[in-house]
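Only one structure is covered here, and it is reproduced in the block below.
The values are calculated or read from the model by the stated rules, or taken from the named source; none is laboratory data. Source: prediction; values computed, not measured. As a convention, Cβ positions derive from the backbone with ideal geometry for all residues, glycine included, and neighbour counts pool all protein chains shown.
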Amino acid sequence: MATYTFSLSNSESARQAGVIQSANFDEALRLVGERIQVSQGDTLQIGVRGFPPACYQCVESLLDGTVFWQPARLAA
């Protein structure tokens, strides 16, 4: 199982950071949505140690914890 570190933030500030253990990256993204309240527009940085994090933006969050992510555009 891989260990993913993450940071969830909105336009104002970082709200939460932590660690998720999962078998794969897709499952790690799903677990973040299930364990933490995510809102549309939130930004997630997630990755494994030794590599730069991937950056995603929440485009929709359902009441059952399902979150739809899309790769975030990085500022130049």
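Show the residue pairs meeting these rules: Cβ distance below 8 Å; 6+ apart or different chains; first residue within the range 44-71 and outside any strand (DSSP E or B); second residue surrounded by 12 or more Cβ atoms within 10 Å (Cβ to Cβ) and among the aliphatic types (A, V, I, L, M).
If the second residue must be surrounded by 12 or more Cβ atoms within 10 Å (Cβ to Cβ) and among the aliphatic types (A, V, I, L, M), the pairs left are Val48/Ala2; Pro53/Ile46.
All but one of (1) in a strand (DSSP E or B); (2) surrounded by 12 or more Cβ atoms within 10 Å (Cβ to Cβ) hold for Leu31; which doesn't?
With (1) in a strand (DSSP E or B); (2) surrounded by 12 or more Cβ atoms within 10 Å (Cβ to Cβ) applied to Leu31, the lone miss is (1).
For the range 39-58, enumerate the residues that are among the aromatic types (Phe, Trp, Tyr) and loosely packed, with under 15 Cβ neighbours inside 10 Å.
Within the range 39-58, Phe51 is the sole residue that qualifies.
Tally up the residues in the range 1-21 that are assigned to a strand (DSSP E or B) and out of contact with any Lys or Arg (no Cβ under 8 Å at 6 or more places or on another chain), please.
Filtering the range 1-21 down to residues assigned to a strand (DSSP E or B) leaves 2-9, 14-21.
From what is left, the residues that are out of contact with any Lys or Arg (no Cβ under 8 Å at 6 or more places or on another chain) are 2, 4, 6-7, 14-19, 21.
Within the range 1-21, residues that are assigned to a strand (DSSP E or B) and out of contact with any Lys or Arg (no Cβ under 8 Å at 6 or more places or on another chain) number 11.
Residues of the range 1-38 being modelled with pLDDT of 90 or more, closer than 14 Å to Gln70 by Cα and not hydrophobic (A, V, I, L, M, F, W, C), which ones?
Listed by number, the residues that qualify are Asp26, Arg30.
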